[in-house]
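These notes are about the structure you will find just below.
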Amino acid sequence: MAEKKTEKPKIAEKPKVAEKQEKPEVTEKPGKPEKPKAKAKKKKKGIFSHYKIEGGKLERLFPFCERCGQGYFMADHGDRYTCGQCGFTRYKAAK
């Protein structure tokens, strides 16, 4: 039997680039504002942060709301206490 020789077709070589071309600076596209990065979620403070135990006695660190009653603590904002339930605000005495 006669053997057939198969020749591989030659692939055209890519032209060599002598120097790397610099890419133009990418600018912001009009109409597409940047998305803000996601913020880390805040951890909720447990109820243990509202009380302090001294000598076997329980001491409240924040006052209760005068409108809502017992069980609704007021938030401490430096110069005032504010209720998150009803919005009542009590200012601290100036020193």
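The values are calculated or read from the model by the stated rules, or taken from the named source; none is laboratory data. Being a predicted model, the structure only gives us computed values, none of them experimental. Backbone-built Cβ (ideal geometry, glycine too); neighbour counts: all protein chains shown.
Worth a mention:
- Contacts under 9 angstrom Cβ, first residue in the stretch 51-76 being without any contact (Cβ under 8 Å) to a residue 24 or more places away in the chain and hydroxyl-bearing (Ser, Thr, Tyr), partner outside any strand (DSSP E or B) and exposed (fewer than 11 other Cβ atoms within 10 Å of the Cβ), 6 or more apart: Tyr51/Leu61
- Residue selected from the stretch 69-82 under the condition over 18 Å from Tyr51 (Cβ atoms) and touching a Ser or Thr at 6+ places or on another chain (Cβ under 8 Å), by the criterion surrounded by the fewest Cβ atoms within 10 Å (Cβ to Cβ): Arg80
- Residue match in the stretch 46-62 (condition: of a type in the set (Lys, Arg), modelled with pLDDT of 80 or more, on the phi < 0 side of the Ramachandran plot and surrounded by 10 or more Cβ atoms within 10 Å (Cβ to Cβ)): yes
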